[in-house]
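*Asks:* Pasting a structure below so you can have a look.
The values are calculated or read from the model by the stated rules, or taken from the named source; none is laboratory data. Remember, predicted model here, so these are calculated numbers, not experimental data. Here the Cβ positions follow ideal geometry from the backbone for every residue, glycine too, while neighbour counts run over all protein chains shown. What goes into the accessible areas is simple: the full protein's heavy atoms, side chains included, and nothing from ligands, DNA or RNA. Shrake-Rupley method; radii C 1.70, N 1.55, O 1.52, S 1.80 Å.
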Amino acid sequence: MRSSSASDAPPAARSTVSDPALVPPGALVVRDLCVRATSGRVLLEVGALDIAHGEFVVLAGPSGAGKSTLLFALAGLQAPQAGSIRWGGTEIATLGEAARARFRAERVGLVFQDFLLFDELPALDNAALTGSWRAHAAAATLRRRAAELLAWLGLDAHDTRPVSTLSGGERQRVAVARALAMDPQILLADEPTASLDREAADRLVLTLRRIIDERRRTVVVVSHDPALIEAADRTVRLVDGRPCGVAP
């Protein structure tokens, strides 16, 4: 693994394909991005950031550096004041809130630091939760995929215990299964190992690497975890809201 500046991306990310429809859906191109607080203070400035389809990238840096702000902007959860965020052929920076929500539902899996599970539901019901808003056939397919993912991640899909009784590592794996159940091209995760013990964190690192190697997904993770940084293809370090090339 090597540290890099934001613009130091593999050739696949710097595609010169002129037709946006031909760009792989997990390829990211960010240009001249600016996010400000309501007070007007600049939270994030990114001149150029390219991530290849199927690449595993860690966003690193000190607290307050803008890592989570960048991740939320890439997810369409934080609207920028200026700039371009293009996933494949979709420019999300100019989409309205409803359109960004549709983009996330169709293309992005999100893993939050505090899991955001329904404690009273078992693992499979949590992992298949997004099927609740889909047609019956689509919901059934998603539920089957969620069960397969739970098994792939080492959990029993038939376990009826509420997730409140599971360990932190097990709950995190349920959250990962939920994020992947709709088979998204993009997985974004905010400090996914922060609340895990070392053994559970190492299992999750291996899981993320498998997602890249076996399922060909683009994974972008905010983390201070040296094991995650070592497993990633590339690290982009942020300081004071701007990418830099200083090794983490």
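*Asks:* Any idea what the relative contact order of segment 104-248 is, in percent, if you count C-alpha pairs under 8 Å spaced at least 6 apart?
*Replies:* With pairs under 8 Å counted, the relative contact order is 27 percent.
*Asks:* Could you work out which residue, out of T218, T141, T193, moves most in a Gaussian network model of the chain, that is, has the largest mean-square fluctuation with Cα springs under 10 Å?
*Replies:* T141
*Asks:* Additional query: Taking every pair of distinct Cα atoms and averaging 1/r, then inverting, what Kirkwood hydrodynamic radius in Å comes out for segment 125-244?
*Replies:* Every distinct Cα pair counted, the radius reaches 15.3 Å.
*Asks:* Let me ask another. Helix 198-215: angle to the longest alpha-carbon principal axis of the chain, degrees 0 to 90, nearest 10?
*Replies:* Orientation of helix 198-215: about 80 degrees from the principal axis.
*Asks:* Limiting things to C-alpha atoms, what are the Rg and the maximum Cα-Cα separation (Dmax) for segment 36-165, in angstroms?
*Replies:* Reported Rg and Dmax, both Å: 17.7, 50.
*Asks:* Grab the DSSP H runs of the chain that are 4 residues or longer, score each as -39,500 (n - 2.57), total them, divide by all residues and round the 222 nm result to the nearest 500 deg cm²/dmol.
*Replies:* Computed ellipticity for the chain at 222 nm equals -10000 deg cm²/dmol.
*Asks:* Another question, then. Which log10 I(q)/I(0) values does the chain give at q = 0.10, 0.11, 0.15 Å⁻¹ under the Debye formula, counting every alpha carbon as one identical point scatterer?
*Replies:* -0.46, -0.56, -1.05
*Asks:* Fully extended, how many nm does the chain gain between A138 and D183 (0.36 nm per residue separation, minus their Cα-Cα distance)? Intermediate results must be reported in sequence, preceding the final value.
*Replies:* Details: separation 45, 0.36 × 45 = 16.20 nm, distance 1.21 nm.
Extending this stretch completely gives an extra 15.0 nm.
*Asks:* Per residue, how much accessible area does segment 66-118 show when a 1.4 Å probe rolls over the protein heavy atoms, in square angstrom? If you can, show how the numbers build up before the last one.
*Replies:* Details: 2280 Å² over 53 residues.
Per residue, segment 66-118 has an accessible area of 43 Å².
*Asks:* Turning to a different aspect of this structure: Would you mind getting the accessible area per residue of segment 167-248, heavy atoms of the protein chains only, 1.4 Å probe, in Å²?
*Replies:* For segment 167-248, the solvent-accessible area averages 37 Å² per residue.
*Asks:* Give me the extension gain from S167 to D197: residue separation times 0.36 nm, minus the current Cα-Cα distance, reported in nm with one decimal.
*Replies:* Working: separation 30, 0.36 × 30 = 10.80 nm, distance 1.00 nm.
Full extension from S167 to D197 adds 9.8 nm.
*Asks:* For S63, what is the net charge nearby, where nearby means another residue's Cβ is under 12 Å from its Cβ and Lys, Arg count +1, Asp, Glu -1?
*Replies:* So the surrounding residues net to -1.
*Asks:* Nothing charged except the Cβ atoms of Lys and Arg (+1) and of Asp and Glu (-1): what's the magnitude of the dipole of the chain about its Cα centre? Round to the nearest 20 debye.
*Replies:* Roughly 460 debye for the chain.
*Asks:* Quick one: compute the contact order of the chain, relative version, from alpha carbon pairs under 8 angstrom and 6+ residues apart, as a percent.
*Replies:* Dividing the mean separation by the residue count of the chain yields 31 percent.
*Asks:* For the pair E148/R210, report the inter-label distance in nm, with labels modelled 7 Å from Cα in the Cβ direction.
*Replies:* With each label point 7 Å from Cα toward Cβ, the separation is 1.4 nm.
*Asks:* Then there is this: In a GNM of the chain with a 10 Å cut-off on Cα contacts, which of A194, A231, A37 has the highest mean-square fluctuation?
*Replies:* A37
*Asks:* Let's see if you can work this out: charge +1 on each Lys and Arg Cβ, -1 on each Asp and Glu Cβ, no other charges. What is the dipole magnitude of segment 20-148 about its Cα centre, in debye to the nearest 20?
*Replies:* Once rounded to the nearest 20, the dipole reads 260 debye.
*Asks:* How far apart, in nanometres, would the label points at V239 and D119 be if each is projected 7 angstrom from Cα along the Cα-to-Cβ direction?
*Replies:* Distance between the two pseudo-spin positions: 4.1 nm.
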